[in-house]
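Just below is one structure, and these are the notes that go with it.
The values are calculated or read from the model by the stated rules, or taken from the named source; none is laboratory data. Predicted, not measured: the structure shown is a model, and the values here were computed from it. Because the Cβ atoms are built from the backbone with ideal geometry, glycine has one as well, and the counts that use them run over all protein chains shown.
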Amino acid sequence: MSLEFTKEQRAILINQMEILKKLDKANEKEYEQKIYALYNGFSRTYSEFFGEIEEDLDMEVQEMVYDVFNMYRSLKNSFDELSSEEQEQINKDELRFKGYSGHTEAAYLQFANFVVLQLGKYPEIKRLIDSGKLESLDSIDSRLSDYKEMLPVWKHCKKMKENQLNSDLSLEDIKEILGK
C-alpha cells in the first residue's frame, strides 16, 4: 500500500521538512528532495521517503493484551494474599504469564512487546524476563485459546467481587480461572 496525503497534510509535512532542513544542515539535501516531492505531488516517492505505515492494529487485539496482563496481575496479587496452606494448593508457575506465539499470534506479541518493553507498563512481566523466569514474550506454543477460556471466568469472578470490600480472588476463583 502506498502512502497518500491530502494537500493539507502535504503542506504540514513541507513545513516540517523546512524546519528540519534549518535544524539539520548535514541532511539539507534530503529535506529539499522531500519538500520538492511533496510540493509537486510525487506520491510514488512518499513510501521511499517515509517508509510504509501499518494499518491500525485491531482494537480487539489491543484490549485482549491488556485484559490478559490485568488478569495475570490479578491472579498473582490475589495468590499473594492467600494463606500459605492455600498457596500450596496452586502451582505458582501456572500464575505466570506465558507470552504469545510469534508464529500464530504475531499481532498480540508485537503489541505486548510494545506495552511491556517500550511503554514500561506491567513491570512485573518485565521483571520475569529480566530474572530469566520468562525467556521473552514470544511463546513456543499458541496461548490465545487458553487466554480466551480464562478471561471470561476471570471477568465474572471480578464482577462478583465488585461491591465487596476485599476484591481479591479467592482460592476457588483462582482454581476456576486456571481450569482446576
When the residues of the stretch 112-130 are filtered to those that are touching a residue at least 40 places away in the same chain (Cβ under 8 Å) and in a loop (DSSP other than H, G, I, E, B), which remaining residue is farthest from VAL68 (Cα to Cα)? LYS121
For the stretch 41-54, how many residues meet the condition of being touching a residue at least 40 places away in the same chain (Cβ under 8 Å) and closer than 21 Å to LEU119 by Cα? 1
Can you find even one residue in the stretch 38-46 that is surrounded by 13 or more Cβ atoms within 10 Å (Cβ to Cβ), among the basic types (Lys, Arg) and at negative phi? no
Name the residues in the stretch 85-111 that are surrounded by fewer than 17 Cβ atoms within 10 Å (Cβ to Cβ) and outside any helix (DSSP H, G or I), would you? GLU88, GLN89, ASN91, ARG96, GLY102, HIS103, THR104
Are there any pairs with C-beta distances below 6 angstrom linking a residue in the stretch 12-40 that is of a type in the set (Gly, Ala, Ser) to a residue that is at pLDDT below 95 and assigned to a helix (DSSP H, G or I), with the two at least 6 apart or on different chains, and if so which? ALA37/THR45
May I ask you to say which residue of GLU135, GLU172, GLU162, GLU149 is loosely packed, with under 15 Cβ neighbours inside 10 Å, part of a helix (DSSP H, G or I) and without any contact (Cβ under 8 Å) to a residue 12 or more places away in the chain? GLU172
For the stretch 64-94, name all the residues that are hydrophobic (A, V, I, L, M, F, W, C) and free of Cβ contacts under 8 Å to residues at least 60 places away in the same chain. VAL65, PHE69
